[in-house]
Amino acid sequence: EEKLLKNDKLNHSYPHSWRSKAPLIYRATPQWFISMQQNDLRKKAIDAIHKTNFFPKKGKERLLSMIEGRPDWCVSRQRVWGVPLPIFINKKTKKPLKDQKVIDRIASIYEKQGSDCWFTDGPKVFLGDDYKSDDYEKLNDIVEVWFDSGSTHSFVLEKRKDLKWPADMYLEGSDQHRGWFHSSLLESCGTRGEAPFDSILSHGFVVDGKGMKMSKSMGNVISPEEILKNYGADILRIWVSASDYSEDLRIDKNILIQHAESYRKIRNTFRFMLGNLKDKFEKQNFEKIKFNELDELDKYILHKLSIIGKSVDASLKDYNFHKLYKELLNFCTLDLSSFYFDIRKDVLYCDSLDSKKRKNCVIVLNIILESLLKWFAPILVFTTEEIYGLINKNEESIHEKDFVRIPKTWENDLLYEKWSNLFKIKQEANVAIEEKRISKEIGSSLEAEIKLFINKEKFDLLGDIDMAEYFIVSKAEKNLVNEDEIKIEVIKASGEKCERCWKILDKKCNRENCPIK
């Protein structure tokens, strides 16, 4: 009877060999497994995970979920090359031989001759005189490669007196949560009851600027050699440090150009300090510095330096390199170049060499220079070595030096809060001055005179600060009003220009050789 309603072809996915591209047929064959339940292997592995430090922390949950849900571990493979599974099968009972003496004998032979002897020597060599070789047959299976890699800790660390077990850290790509991290954990917990590592650091993969996998056919591959040739090793190291390795690391020409620009700003920061110190670095004994005699601005920047020092220690401890680099870069560009250096140029360029204010500023520059050189050294290995060699001609490499330790007495939260608020006022003043520069009413800020109309809180905040110096103008005055909103009036300064400090004044400035009468 014709009962078939419809006959048609159906397209569906089917497994193919990745090498030959031929269709595959699944075949169920006997294999050897390591039980996750027997001897509490799963529990031991989970307990070990909870004792391990993960960088980033999300790696813990990833590995934990894999161990919690994984089946028994199939460790046998049927291939012609590999490390053999040293198992004897009883021909009659079909059961494996379990004898520690035989296992130790095999291990001893392997250690002397290598594991390939399993394939070339007869059973009697391994069984010894306690068993009849005719009663047993050798297994021809090999151990899966992940068991091989998971065993590396035993011969790389345990067998060497110059190294410790467990390892301080296992470091690899994020795919190794199901690979090397995974197999090492199970192998070690199964044989030693604990993990072979104290911590795990996993990182993403290098992709192009759009997040696409690099491919020669797509033309988006950038080789390290190309970066070294066009930008130099320190730019490549900046890219590594600035990238958040917990995600995939993006790189392309535009990203490298941005990092090269950041490097230029950092180098200019060092150049400013070296220029004003005339390349004569004087190492400071932090404990002997008369901190209380410094100006508030100097104290403020040293407080910031102390905060950076703490952050450097914490970031390195947590392998948080992108945070470390970002804070050091911001300190150079925002706190130093755009703020402290900008204000202190007047003192450095115009004060006499024996001026107390200038001498204190030079001390601060020495402190900042030494601190930044040592903090940047792990990132800018060549630049910091170059600079350190310039200022310490008879000393060893900077990479043999310890980090600086900023005295806790330099920390002053009240002063930091005060100057942070002053900085906000300065930002508003800068906006008002810039508007006059854009309209061509003034050239540089030193051609300006500003008048601030502020409430009592801000009036008291400015206190006896030299406002002309702070706002980098020729003249500045503050006026008390009952309004919270700051009002700033900027006009072109009147008077005569001092050829020494370039300020436009009505009377002689306090410096020597001022031409104004």
Which residues, taken from region 362-400, are of a type in the set (D, E, K, R) and touching a residue at least 40 places away in the same chain (Cβ under 8 Å)? 370
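Looking at this structure, is residue 211 in contact with a Lys or Arg (Cβ under 8 Å, 6 or more places away or on another chain), surrounded by fewer than 18 Cβ atoms within 10 Å (Cβ to Cβ) and assigned to a loop (DSSP other than H, G, I, E, B)?
Numbers: in contact with a Lys or Arg (Cβ under 8 Å, 6 or more places away or on another chain): yes; surrounded by fewer than 18 Cβ atoms within 10 Å (Cβ to Cβ): yes; assigned to a loop (DSSP other than H, G, I, E, B): yes.
Judged against the criteria, residue 211 is a match.
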Which of the residues that make up region 171-200 are part of a helix (DSSP H, G or I) and of a type in the set (A, V, I, L, M)? 185, 186
Failed condition for residue 314, given (1) over 19 Å from residue 234 (Cβ atoms); (2) hydrophobic (A, V, I, L, M, F, W, C); (3) over 17 Å from the mean Cα position of the chain (by Cα), with all others met? (3)
Return the residues of region 97-115 that are in contact (Cβ under 8 Å) with a residue 24 or more places away in the chain and outside any helix (DSSP H, G or I); say none if nothing qualifies. 97, 99, 115
Farther than 30 Å from residue 34 by Cα, of a type in the set (D, E, K, R) and out of contact with any Leu (no Cβ under 9 Å at 6 or more places or on another chain) - does that describe any residue in region 188-211? yes
Among the residues in region 39-46, are any closer than 24 Å to residue 197 by Cβ, buried (at least 16 other Cβ atoms within 10 Å of the Cβ) and either modelled with pLDDT under 95 or out of contact with any Asp or Glu (no Cβ under 8 Å at 6 or more places or on another chain) (or both)? yes
Which condition from (1) buried (at least 16 other Cβ atoms within 10 Å of the Cβ); (2) more than 29 Å from residue 384 (Cβ to Cβ); (3) of a type in the set (A, V, I, L, M); (4) touching a Ser or Thr at 6+ places or on another chain (Cβ under 9 Å) is the one that residue 186 breaks? (4)
Output the number of residues of region 111-126 satisfying the condition of being surrounded by fewer than 12 Cβ atoms within 10 Å (Cβ to Cβ) and within 14 Å of residue 87 (Cα to Cα). 1
Let me spell it out: the conditions are (1) in contact with a Lys or Arg (Cβ under 9 Å, 6 or more places away or on another chain); (2) in contact (Cβ under 8 Å) with a residue 24 or more places away in the chain; (3) under 30 Å from residue 492 (Cβ atoms), and residue 459 meets all of them except one. Which number is the exception? (2)
Would you tally the residues in region 417-444 being within 39 Å of the chain's Cα centre (by Cα) and of a type outside the set (Lys, Arg)? 15
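Anything in region 28-81 that is in a loop (DSSP other than H, G, I, E, B), under 26 Å from residue 96 (Cα atoms) and of a type in the set (Ser, Thr, Tyr)? List them, or say none.
Taking region 28-81 as the starting set, the residues that turn out to be in a loop (DSSP other than H, G, I, E, B) are 28-32, 35-37, 51-52, 56-57, 70-72, 75, 78-81.
Keeping just the survivors that are under 26 Å from residue 96 (Cα atoms) gives 28-32, 35-37, 70-72, 75, 78-81.
Within region 28-81, 29, 35 qualify.
Within the group 148, 134, 141, 130, which residue is loosely packed, with under 14 Cβ neighbours inside 10 Å, over 26 Å from the mean Cα position of the chain (by Cα) and closer than 25 Å to residue 30 by Cα?
Going through 148, 134, 141, 130 in turn, just one is loosely packed, with under 14 Cβ neighbours inside 10 Å, over 26 Å from the mean Cα position of the chain (by Cα) and closer than 25 Å to residue 30 by Cα: 134.
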Name the pairs: first residue in region 180-199 and under 16 Å from residue 59 (Cβ atoms) and at pLDDT 95 or above, second residue among the polar types (S, T, N, Q) and in a loop (DSSP other than H, G, I, E, B), Cβ to Cβ under 6 Å, at least 6 apart or on different chains? 195/52
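Yes/no matrix, rows are residues, columns are (1) touching a residue at least 12 places away in the same chain (Cβ under 8 Å); (2) of a type in the set (D, E, K, R); (3) closer than 17 Å to residue 405 by Cα:
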{"residue": "289", "(1), (2), (3)": "yes, no, yes"}
{"residue": "303", "(1), (2), (3)": "yes, no, yes"}
{"residue": "314", "(1), (2), (3)": "no, no, yes"}
{"residue": "317", "(1), (2), (3)": "no, yes, yes"}
{"residue": "321", "(1), (2), (3)": "yes, no, no"}
{"residue": "329", "(1), (2), (3)": "yes, no, no"}
{"residue": "337", "(1), (2), (3)": "yes, no, no"}
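Considering region 200-219 alone, what residues qualify as being β-branched (Val, Ile, Thr) and modelled with pLDDT of 95 or more? Talk me through it step by step, then tell me what you get.
Of all residues in region 200-219, those β-branched (Val, Ile, Thr) come to 200, 206-207.
Answer for region 200-219, where residues must be β-branched (Val, Ile, Thr) and modelled with pLDDT of 95 or more: just 200.
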Going by the conditions given, is residue 174 polar (S, T, N, Q) and crowded, with 18+ Cβ neighbours inside 10 Å? yes
Given the conditions (1) loosely packed, with under 12 Cβ neighbours inside 10 Å; (2) more than 30 Å from residue 283 (Cβ to Cβ), report the number of the one that residue 393 does not fulfil. (2)
Qualifying residue in region 20-27 (condition: over 30 Å from residue 247 (Cβ atoms) and modelled with pLDDT of 95 or more): no
Quick one: residue 366 ticks every box in (1) part of a helix (DSSP H, G or I); (2) surrounded by fewer than 16 Cβ atoms within 10 Å (Cβ to Cβ); (3) not aromatic (Phe, Trp, Tyr) bar one, so which box is it? (2)
Subset of region 278-298, residues more than 26 Å from residue 471 (Cβ to Cβ), outside any helix (DSSP H, G or I) and hydrophobic (A, V, I, L, M, F, W, C), comes to 281, 289
Result of the Cβ filter at 6 Å on region 428-439, keeping first residues that are in the same structural domain as residue 488 (by TED's automatic domain parsing) and buried (at least 17 other Cβ atoms within 10 Å of the Cβ) and partners that are hydrophobic (A, V, I, L, M, F, W, C) and assigned to a helix (DSSP H, G or I), at least 6 apart or interchain, is 429/471
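The values are calculated or read from the model by the stated rules, or taken from the named source; none is laboratory data. Please read these numbers as outputs of a predicted model, since none were measured by experiment. Reconstructed Cβ throughout: ideal geometry from the backbone, glycine too, with neighbour counts over all protein chains shown.
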